[in-house]
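The values are calculated or read from the model by the stated rules, or taken from the named source; none is laboratory data. The shown structure was predicted, so the numbers you read here are calculated from the model rather than taken from an experiment. No Cβ is skipped: glycine too gets one built from the backbone with ideal geometry, and neighbour counts run over all protein chains shown.
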Amino acid sequence: MSEPHPTIRPQPGILDIAPYKGGESKLAGHASVLKLSSNENPFGPSPLALEAFRAAAQSLHIYPNSDHAALRAAIGDVHGIDAERIVCGAGSDEIISLLCQAYAGPGGEVLQTEHGFGLYRISALAAGAAPVVVPERERRTDVDALLAACNERTQLVFIANPNNPTGTMTPVEEVARLAAGLPPQALLVLDGAYAEFARDFNGHVDLVDARDNVVVTRTFSKIHGLGGLRIGWGYGPAHVVDALSRVRGPFNLSTAALVTATAAIRDTGWTEHCRSENVRNRARLAEGLAGLGIPSDPSEANFVLARFRDRAEAEACDRHLREQGIIVRRVAGYNLPAALRITVGDAAACERVIGAVADFVRVRA
C-alpha cells in the first residue's frame, strides 16, 4: 500500500476502505484445487447460455444496446415483474454502488448488519457516507436493532436475504416490518444474490410492488453460473430506477453479457436443476459436518457456515483442508473468526470435504 500524496488526496472516506478480496483459487504445490471459497455454481452456466455467448463473438465490434431491453424483458417474464422498473449492472455489486452513489453521501449513514456483505461498507465510504454496523442476534438479522439504529441521518439500510456469509433467512414478515418502520428519507436495499436457492421465496419482489422505499438486487453470478461475465440487476420503485439509470454508464454491460444472461434466465429448466442439486448437496454437507461435531445454521443459500469451538480450531481446519487441495473461505473479516464458509459443490465435492474434515477431527481428537 502506497503512502498518501502530500497534496493530491482522494475524497474523504476513500482511504478508509480496505480493498475487497475475492475467494482464493490457487494453492502452492497443488496443480488442481477444489475451490469452494466463492459460492460458484459447480454445474456452470446453462448450455443455452454458453451457446449464446459463443454466438456473440460475431458481433464484438458493435456497441451493446444501452437500454438492456431484451434482458429486462426476460427478467420481467421469468419473475413476473415490471420490466420498466428493472435496472441492470455489472453484477449486483454495481447496483449496490450506484445506490450509494445516488442516495448516500457526506453527513449520512448507511446501515448494515454485523455479519453483512463487505461491499456495503466499501460503497458507503466511497460515497462519503458513514457505515453503521448493527448487531445481529445469533447470526440472524435483528429488525428491532436496525430500527433502533435509524435516525434522521439514515440514507440506506442493507440486508441480504439469505444472508452472506451465514446463509440464514429473515422471515418475510420481519422484512416488511423493517420497511414499514424506516424513517421517511431512507431506502431499504434487499440483497438477493442467493434468493434463488431459498425454498418458496420470490426475493421480496411483492414488497417492492407494495411500497416506495424498497429495492431488491439480484445477480447472475450464483445460480446462473455467470460470475465471470459480471451481470446483475435491481428492481425497485420507478423513482429509484430512474435515478440509477441516470448515473450508470450507458454501456455498462457488454453484448456478450447481455445475450448470455438473457438465454440463462430463460432456461428455467437449468435453473431448477441447479436449485434442486444444491438443496440435496447442501443437506448432505451440513449433515455430514454436524455428524463430526461441527454445526451450522440452516442455510438457504449455496454454502454452509461451519462453526468451530474457537478461532484456532477453525484456522487449523482451514490449513488441513488446504493441505488436501481444498479452498474454503475464512470469515474473520465478517466478525466470524470461529467459522469457515464452505460452498456447496457437487456430490463428489461434498463427500471430499466431509472426508477431509473427518480426517482433521480424528487427528485433533
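Take segment 314-352 and flag every residue that is assigned to a helix (DSSP H, G or I) and either basic (Lys, Arg) or surrounded by 16 or more Cβ atoms within 10 Å (Cβ to Cβ) (or both).
Listed by number, the residues that qualify are Ala314, Glu315, Cys317, Asp318, Arg319, His320, Leu321, Arg322, Tyr334, Ala349, Cys350, Arg352.
Hey, can you tell me all the residues within segment 205-220 that are touching a residue at least 24 places away in the same chain (Cβ under 8 Å) and within 19 Å of Ala73 (Cα to Cα)?
Correct list: Val205, Val208, Asp209, Val215, Val216, Thr217, Arg218, Thr219, Phe220.
Taking the condition of being under 27 Å from Arg153 (Cα atoms) and aliphatic (A, V, I, L, M), how many residues in segment 62-118 meet it?
Selection size over segment 62-118: 9.
Do you know which residues across segment 192-214 are closer than 16 Å to Ile265 by Cα and part of a loop (DSSP other than H, G, I, E, B)?
Keep residues of segment 192-214 that are closer than 16 Å to Ile265 by Cα, which gives 192-197, 202-203.
If the condition is that a residue be closer than 16 Å to Ile265 by Cα and part of a loop (DSSP other than H, G, I, E, B), then Gly192, Ala193, Tyr194, Asn202, Gly203 are the ones that fit.
Please state which of the following conditions Phe117 fails to meet, knowing it meets all the rest: (1) surrounded by fewer than 20 Cβ atoms within 10 Å (Cβ to Cβ); (2) closer than 26 Å to Arg282 by Cα; (3) not assigned by TED's automatic domain parsing to the domain that holds Ile342.
So Phe117 meets the others, but not (1).
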